[in-house]
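Inspection log for the structure reproduced underneath, given as structure tokens.
The values are calculated or read from the model by the stated rules, or taken from the named source; none is laboratory data. Computed from a prediction, not measured in an experiment: that's the story for all the values here. Every residue, glycine as well, gets a Cβ built from its backbone with ideal geometry; the counts of neighbours run over all protein chains shown. Accessible surface is based on the protein model in full, side chains and every heavy atom, while ligands, DNA and RNA are left aside. Shrake-Rupley method; radii C 1.70, N 1.55, O 1.52, S 1.80 Å.
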Amino acid sequence: MPIVSSPADAASLKRQRYVFAICCIAAIGGFLFGFDSGVINGTVDGLQTAFDSDSVGTGFNVASMLLGCAIGAFFAGRLADRYGRRALLIVSAVFFLVSAWGSGVATGSLEFVIYRVLGGMAVGAASVMTPAYISEVAPAERRGRLATIQQVAIISGLFIAFVSNYVLAKIAGASTASLWFGFDAWRWMFWIEMLPTAIFLLALLGIPESPRFLISRGRDDKATRVLVTLLGEQAGQAKVAEIKASLNADHVPSLRDLINATSGKVHGIVWVGIGLAVFQQLVGINVVFYYGAVLWQAVGFSEGDALLINVISGAVSIGACLIAIALIDRIGRKPLLWAGSVGMALTLCLLAYAFSTASMVDGKLALAGDMGVLALLAANAYVLFFNVSWGPVMWVMLGEMFPNQVRGSGLAVSGLFQWLANFAITMTFPIMLAGIGLAGAYGVYAFFAACSVVFVMKWVKETRGRELEQMAYE
């Protein structure tokens with residue numbers, strides 16, 4: 001507990017706690033992002049049985065949400081520039097609620113896909129609005145740590161989804177078995193999400209709008225009140241003047257701002273944002289998130305054991321995010337990205353090697369004892385490297401790296417590419433699994449991890465400790 005030595009210290013501590021609280025509320029959107037992404041992991045068998053779908057149909061049922069994510073991410077950034085960051089988070093909470101209910105009651109693939117796309121729009125909106133909101137209310141010296149809360153929330157959502165899936169399947173006996181009130185366990189896996197969604201929706205009503213958005217819309221008085229609450233009287237007034245000076249006074253932010261008016265080319269910072277967003281997916285992390293249970297069953301684990309391995313991976317991810325929180329404002333964003341890329345490339349190579357030794361036993365892949373242990377250790381090391389680096393740092397950088405004038409548009413475009421890459425990786429994994437096997441798939445992801453090392457070293461610039469008003473276009 002900090003020692004408060006004066007009224008000024010007490011006021012400062014109160015402001016810090018307030019900033020932390022509203023950042024945590026915004027980060028519940030990240031929790032739902034993670035839960036909604038991870039819950040599908042334990043429902044694949046149920047979807048195949050209930051909808052009588054083949055591997056391609058199941059792949060689309062799993063990946064369909066990602067189309068909604070791309071739509072939500074792209075339009076949320078633009079709509080947030082018009083209606084506000086908080087307003088878009090409220091809309092996303094409503095979409096989460098409807099999707100969780102509908103996904104559980106769906107009686108066919110088309111109905112299920114519609115509800116999952118709706119949930120995807122909520123995930124996409126939350127994925128870009130949460131880091132934007134946190135970055136715009138957090139002080140520069142703590143922005144990295146506070147923005148990393150979102151990744152902790154995402155992984156916590158994944159972890160709770162994995163735990164929930166495991167417990168419900170354990171109680172019922174299998175994800176396809178009947179649970180409460182005659183409904184299959186896989187349907188309850190979706191309905192559980194309605195509880196945190198309701199909490200998110202109610203909590204959002206108690207947080208302020210982003211002061212930078214308010215100033216961009218000419219609502220200076222309200223922005224001043226928010227900034228004074230966040231920073232104190234003197235610092236708040238000074239920040240209002242600084243934000244106003246950084247914004248172009250002649251027009252409202254738009255997609256056209258992404259183009260350099262002099263050269264007619266897209267600003268360099270936009271390409272860096274797209275690169276960060278795409279590489280985060282090309283390393284294959286969401287194969288572990290979405291197909292983890294399928295992957296481990298493919299090498300001989302039972303459904304229950306596979307779901308338990310997911311829980312272990314979720315716990316490792318949370319621990320890695322806590323390490324990232326401790327380091328991101330101390331050593332910076334770029335070193336974490338570089339180290340993570342190297343670590344992922346090495347561990348993915350180990351996974352590719354382990355699965356290259358697999359043999360077919362009774363029609364299923366099987367790993368020898370030592371290779372099974374190697375695969376399990378390498379997979380969890382890979383998850384650790386991702387969640388101490390690209391997992392949180394990509395979202396932190398997207399939320400802070402763009403100048404005020406193009407933050408919404410930059411996030412919109414980067415978010416669109418992020419989710420399109422996510423969709424491509426998720427849809428192609430079952431195809432690669434059937435065509436080149438797990439070893440080949442992991443080899444592809446290792447190649448992209450190695451490429452990301454070059455990308456970080458050559459094009460990514462450090463943003464640690466810089467005010468949002470200091471961010472440049474190139």
Residue count, segment 175-190, condition crowded, with 17+ Cβ neighbours inside 10 Å and among the hydrophobic types (A, V, I, L, M, F, W, C), comes to 6
When ILE90 is run through (1) modelled with pLDDT under 85; (2) more than 17 Å from the chain's Cα centre (by Cα), the failure sits at (1)
Got a number for residues in segment 194-217 being out of contact with any helix residue (DSSP H, G or I) (no Cβ under 8 Å at 6 or more places or on another chain) and within 11 Å of LEU97 (Cα to Cα)?
-> 1
Which condition does VAL240 not pass, out of (1) in a helix (DSSP H, G or I); (2) modelled with pLDDT of 85 or more; (3) not aromatic (Phe, Trp, Tyr), if it passes all the others?
-> (2)
How do the helices (runs of 4 or more DSSP H) wholly within segment 370-468 filter down when requiring 3 or more residues that are closer than 24 Å to GLY72 by Cα, open to solvent by 10 Å² or more (accessible area, probe 1.4 Å) and in contact with a Leu (Cβ under 9 Å, 6 or more places away or on another chain): which remain?
-> 407-435
Inspect all residues belonging to segment 211-227 and state whether any of them is among the aromatic types (Phe, Trp, Tyr), crowded, with 17+ Cβ neighbours inside 10 Å and in a helix (DSSP H, G or I).
-> yes
